[in-house]
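Chemist: Attaching a single structure in C-alpha cells format; questions to follow.
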Amino acid sequence: MGCDYLGQIWCQTRRFIKTFSGRPLYNVLSRLDLASKKLTTVTNDTYITATEVCELNKKIAAEYVGQLVYLTLNNARYQKYKLVQELADQLGLILVYIPPYSPNLNLIERLWKNVKSKLRSKRKNPLKAK
C-alpha cells in the first residue's frame, strides 16, 4: 500500500509486480472570502504547483476588478515562487504570508477540518450517509 512495487519475491529471476498504489489523489486549492463566505477553488488529480496558484489568483482578480485585495497565504513553497509573486503584482493582489506553524491563523484550515470530518464519517458508515 502506498508504494509502487512489492519488496521482494523469491524466484529464479528478479521480477517486479505492480501493486495497488493507495487511494487516488484529489487536490483542492481554495480561497475563502471572510466577508461573503464565498469559496473559490482550483482542483486537480496530480499535485498543486505554482501554476494552480496563479490560476486561482487570476480567478480572484477577475472577481474583484478595481478593488484592493489582500490574500493571506501559508508558507507553502509553491506559493512563494517568483512566478506567483510577479503575477500577483500584475493583477494588483497583495500577498501576506502568515508565520510558519500557525494553522489557527489560516481560516481555510478550519473549513477543511470540518469537510474532512464529514467525509470521514460518511466513509466509515456508508449506510448512515443520508
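Chemist: Give V69, V96 a once-over and let me know the one that is surrounded by 11 or more Cβ atoms within 10 Å (Cβ to Cβ) and touching a residue at least 24 places away in the same chain (Cβ under 8 Å).
Modeler: Answer to the selection: V69.
Chemist: Would you mind stating whether Y78 is at pLDDT below 90 and either surrounded by 12 or more Cβ atoms within 10 Å (Cβ to Cβ) or assigned to a loop (DSSP other than H, G, I, E, B) (or both)?
Modeler: no
Chemist: Right, here's the next one. Quick check: is even one residue across the stretch 101-110 among the aromatic types (F, W, Y), exposed (fewer than 15 other Cβ atoms within 10 Å of the Cβ), assigned to a strand (DSSP E or B) and free of Cβ contacts under 8 Å to residues at least 60 places away in the same chain?
Modeler: no
Chemist: Please identify the pairs in which a residue from the stretch 23-48 that is on the phi < 0 side of the Ramachandran plot has its Cβ atom under 6 Å from the Cβ atom of a residue that is surrounded by 11 or more Cβ atoms within 10 Å (Cβ to Cβ) and of a type in the set (G, A, S), counting only partners at least 6 apart or on another chain.
Modeler: Sorted first by the residue in the stretch 23-48, then by its partner, the pairs are L39/S30; T41/S30.
Chemist: Moving to a separate point now. Taking the criterion of being of a type in the set (D, E) and modelled with pLDDT of 90 or more, would at least one residue in the stretch 32-51 satisfy it?
Modeler: No, there is no match, as no residue in the stretch 32-51 is of a type in the set (D, E) and modelled with pLDDT of 90 or more.
Chemist: Tally the residues that are of a type in the set (S, T, Y) and over 11 Å from the mean Cα position of the chain (by Cα), restricting the search to the stretch 23-56.
Modeler: Selection size over the stretch 23-56: 3.
Chemist: Would you mind stating whether Y78 is over 27 Å from P24 (Cα atoms) and without any contact (Cβ under 8 Å) to a residue 40 or more places away in the chain?
Modeler: In short, no.
The values are calculated or read from the model by the stated rules, or taken from the named source; none is laboratory data. Please read all numbers here as calculations on a predicted model, not as lab measurements. Every residue, glycine as well, gets a Cβ built from its backbone with ideal geometry; the counts of neighbours run over all protein chains shown.
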